[in-house]
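Trainee: Questions regarding the structure given below will be posed in turn.
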Amino acid sequence: MGVAGPFPGSGGRVHGPVMDRDEVDRSLARLAAEHEAIESSLLALQDHAGRRLLEGAELTGVTKDRWAATDQAISLLWGYFEAYTAALDDTRELRARRRWSSREDLAELTERLRGPSVTVANAGTGLPSAATGPAKLSERFTLAELVERMNALYATSLDMVVTSDAVWSALPARIDLLSAELQRTRSLAHSVGVRPGEHPAGDELESITHEMSTLRAQVISDPLAFWRPAPGSSAPGGGRPDTDRYDRAARALEDIRREIEAVLGVRQDSEERLLRLRDVLSRADRTLSEARSARGEVLAKIAASEVPAVSGPPTALQERLSTAAEYRRHSQWHRLSPLLESLEREAEDELLRARESLTAVTAPLAVRAELRGRLDAYKAKVSRHGLAEDPLLIERYDVARRMLWSAPCDLRVADQAVLRYQRAAAEALAHQDHRPPGATDRGGDA
C-alpha cells in the first residue's frame, strides 16, 4: 500500500559545545527534511486502506486487542508530531530573528536542537515510555529522542495495518472464488444425484461450504489470527497469510470434482457399458452351457476319467446387472458408477472361469483326439515305408483303433495300445533300415 518506512534521523542524545551558525543552519535544514518525511509517512499511514478497513470492521480476538493499542499509538504519533512541529517552528523562528545570531542565541539554539527541549503530555496510553516507575503527567525529549519514539510507534502501527491488509487482500478473495466454484460443483453434483445424506461426496461438499463460510467470517473479523510472521524478520509486514485451512478445502473440492466427473462419465457411457456387460455375461453363460453339454458327452464317451462339475449360470451377476439398469432408468448415477466398475471386473472373471471350466471338461476329449492323431500319423509313416501290410502292425493298429473309436473309451488302456503300436512301428522301421540294398518287404509296398 506504499507507506513510507521508518522516519529518518533517529540518532541518540548529542552532547557537545555550543553550535556555530553554520552548524545550526545545517541542523535546521536536516530537521526540516526529517519533518517533511515524517509528515509524508504519517499521511500515508492515515490514508492506508488497511487502516480504514480496521476502523470500520467489527473486530474480534487478537486483531481487536492489537487494533485498540494501534489506534491509540497512531493518535499519540500525531501528538508527538505536533509537538515536534511546534518545537521546530519555534527554533526556526529564533534563528530567523537575527542574521548573525549572538552567543546567547546560539547557546539557546544548541539547547533546543540537542537538549531535552520538547515537553509532551503523557496520554496514559500504556505505550512504551522513556520513563519507568510512577506515571508522569508529561515527558521531555530531545528532538532526536522524539523522532526515535515516533519511529518505534510508527513501526508497530504500520506492521499491524500492513499485516491485516495483507490477509484481507489474500484470503477473502480466494475464499470467494472457491465458494463460487463450490456452488457450481454443488449444482452439478445435485444433477447427477450426489446429494447430502445420499452420497459421501454430497456430505463433504456441505462440510466444505460450511468451512468456507466460517473461515471467511473469521478472516474478516480477526485477520491477525491468519498471519505467519517470517522467522527473524523485523520489517513491518514480514511474513505471509496462513492459508492452510483454505488449501485443505481446495484440495478436498478437487477430489470431489474428480469423483463427480467420473459419475458424469458414467452417465454419458452407461448404456454402452451395460451392453458390454450383457454381452460378456451372455458369452460366459453360453460357454458354461457348452461346458455342460461337453461334460455329458465326455461322461458318455470316456470311461474311467475324472470330469469336473460345471457351475450354473451367473444368476447373481445377472441380478446385479438388472439393478444397474434400474439405477440408470432412475438417473441414480452416483450408485451406478461403483456398481458398474465392480460388475465389469466380476463379469470378466466369470467369463474366464467359464472358459477354464470348458477347457477342464473337454480335456479327456482332447486327449482322445491327440491319441487318434498320433495313431493315424504312425500308420501313415509305416505306409510310406512299405510296411502297411505287416501283420503285427495291422493287429496292433486295429486294437488301438477299436479302443479309440468305441464308447466309452478307456483313455489309459487306449494310450497303452497306441504306445504298443508306436513301438512295433519303430522296431519295423529300424529292421527295414538294416536290410541289404534292394530287399523288399514280404508284404510289398502299401
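The values are calculated or read from the model by the stated rules, or taken from the named source; none is laboratory data. Computed from a predicted structure; not experimentally measured. Counting neighbours? That spans all protein chains shown, and the Cβs are built from the backbone with ideal geometry, glycine included. In case anyone asks, the SASA skips ligands and DNA or RNA and just uses the protein heavy atoms, side chains included. Shrake-Rupley method; radii C 1.70, N 1.55, O 1.52, S 1.80 Å.
Trainee: What is the magnitude of the charge dipole of segment 222-341 about its Cα centre, with +1 placed on the Cβ of each Lys and Arg, -1 on the Cβ of each Asp and Glu, and no other charges, expressed in debye to the nearest 20?
Mentor: Dipole about the Cα centre, nearest 20: 160 debye.
Trainee: Run the simple label-point estimate for L392 and S75 please: 7 Å along Cα→C-beta, distance reported in nm.
Mentor: 13.0 nm
Trainee: Next question. Among L76, L94, A57, whose Cα lies farthest out toward the positive end of the dipole of segment 47-101, if unit charges sit on the beta carbon of Lys, Arg (+1) and Asp, Glu (-1)?
Mentor: The listed residue farthest towards the positive side: L94.
Trainee: Using the crude model of +1 on Lys and Arg Cβ and -1 on Asp and Glu Cβ, and no other charge, please compute the dipole size for segment 14-114 relative to its Cα centre, in debye to 20.
Mentor: Working: 15 positive and 20 negative charges, 38 e Å.
Dipole magnitude for segment 14-114 comes out near 180 debye.
Trainee: Can you tell me which of 44-50, 415-421, 310-316 comes out highest on packing, and rank the rest after it, using the mean Cβ neighbours within 10 Å? Working shown, then result.
Mentor: Working: 44-50: 16.6, 415-421: 18.9, 310-316: 14.0.
Listed from highest to lowest mean packing, they are 415-421, 44-50, 310-316.
Trainee: Still on this structure, please answer the following. Find the relative contact order for segment 298-421 and round it to a whole percent, using C-alpha pairs within less than 8 Å whose residues are 6+ positions apart.
Mentor: So the answer I get is 39 percent.
Trainee: Something else about it: Pull out the extension gain between S213 and Q432, defined as 0.36 nm times the separation in residues minus the alpha carbon to alpha carbon distance; nm, one decimal.
Mentor: Working: separation 219, 0.36 × 219 = 78.84 nm, distance 10.08 nm.
The span from S213 to Q432 would gain 68.8 nm if fully extended.
Trainee: Let me ask something else about it. Report, for the chain, the % of DSSP beta bridges that are antiparallel, rounded to 5. Don't skip to the end; give the middle numbers.
Mentor: Details: 7 of 9 bridges.
Once the DSSP bridges in the chain are tallied, antiparallel ones form about 80 percent.
Trainee: Considering only DSSP states other than H, G, I, E and B, which chymotrypsin sites (Phe, Trp or Tyr not before Pro) in segment 19-103 qualify as loop sites with at most 11 other Cβ atoms within 10 Å?
Mentor: In loop regions of segment 19-103 (DSSP not H, G, I, E or B), the sparsely surrounded chymotrypsin sites (Phe, Trp or Tyr not before Pro) are W100.
Trainee: I've got another one for you. How large is the dipole of the chain about the Cα centre if only Lys and Arg carry +1 and Asp and Glu carry -1, each at its Cβ, rounded to the nearest 20 debye?
Mentor: 1540 debye
Trainee: How much length would be gained if the chain were fully extended between V62 and S342, taking 0.36 nm per residue of separation minus their Cα-Cα distance, in nm to one decimal?
Mentor: Numbers: separation 280, 0.36 × 280 = 100.80 nm, distance 5.30 nm.
Full-extension gain reported as 95.5 nm.
Trainee: Then there's this: If each residue of separation counts as 0.36 nm, what is the full-extension length gain between R52 and R412 once their alpha-carbon separation is subtracted?
Mentor: Here the segment from R52 to R412 would lengthen by 119.5 nm.
Trainee: If amide H atoms are built 1.01 Å from N in the plane of the peptide, which residues on other chains or at least 5 residues away come under 5 Å of the amide H of D410?
Mentor: Excluding prolines and chain starts, which carry no amide H, the hits are A303.
Trainee: From the protein chains alone at 1.4 Å, what is the descending order of accessible area for T214, T243, largest first?
Mentor: Correct descending sequence by accessible area is T214, T243.
Trainee: Could I ask something else about it? What does the accessible area per residue of segment 300-424 come to in Å², with a 1.4 Å probe and no ligands, DNA or RNA counted?
Mentor: Counting only protein heavy atoms, the per-residue value for segment 300-424 is 55 Å².
Trainee: To the nearest 10 square angstrom, what accessible area does E23 show with a 1.4 Å probe?
Mentor: Using a 1.4 Å probe on the heavy atoms, I get roughly 60 Å².
Trainee: Between H385 and A300, with labels modelled 7 Å along Cα→Cβ, what's the label distance in nm to one decimal, could you check?
Mentor: In this crude label model, H385 to A300 measures out at 4.0 nm.
Trainee: What FRET efficiency do you get for R248 and D203 if R0 is 25 Å and r is their Cβ-Cβ distance, rounded to the nearest 0.05?
Mentor: That gives a FRET efficiency of 0.95.
Trainee: As an exercise, use a Förster radius of 51 Å and the Cβ-Cβ distance of E272 and A173 to find the FRET efficiency, rounded to the nearest 0.05.
Mentor: 0.75
Trainee: Next question. On the full set of protein chains, 1.4 Å probe, figure out the accessible area of K64 and give it in Å² to the nearest 10.
Mentor: Result for K64: roughly 120 Å² accessible.
Trainee: Tell me, how many Å apart are the Cα centres for segment 260-312 and for segment 342-365?
Mentor: 7 Å
Trainee: Using only the heavy atoms of the protein chains and a 1.4 Å probe, how would T142, T60 rank by accessible area, largest first?
Mentor: T60, T142
Trainee: Here's another thing I want to ask about it. For the chain, what is the convex hull volume of the alpha-carbon atoms per residue, in Å³?
Mentor: It comes to 339 Å³ per residue, whole-number rounded.
Trainee: Still on this structure, I have one more. Please state the relative contact order of the chain as a whole percent: Cα pairs under 8 Å, 6+ residues apart?
Mentor: Dividing the mean separation by the residue count of the chain yields 14 percent.
Trainee: Now, a different point. Got a number for the accessible area of D285? Probe 1.4 Å, square angstrom, nearest 10.
Mentor: 60 Å²
Trainee: Using Cα-Cα distances under 8 Å and only pairs 6 or more residues apart, what relative contact order does segment 143-224 have, in percent?
Mentor: Details: 35 pairs, mean separation 30.3, N = 82.
In percent, rounded to a whole number, it is 37.
Trainee: Could you look at the chain and say what percent of its accessible area is carbon and sulfur, using a 1.4 Å probe and all protein chains?
Mentor: 51 percent
Trainee: Let me ask you something else. Where in segment 247-319 are there GluC sites (Glu not before Pro) that are in a DSSP coil and have at most 13 other Cβ atoms within 10 angstrom of their Cβ?
Mentor: E306
Trainee: Once both labels are modelled 7 Å past Cα along the beta-carbon direction, what's the R329-E23 spacing in nm?
Mentor: Between R329 and E23, the label points sit 10.5 nm apart.
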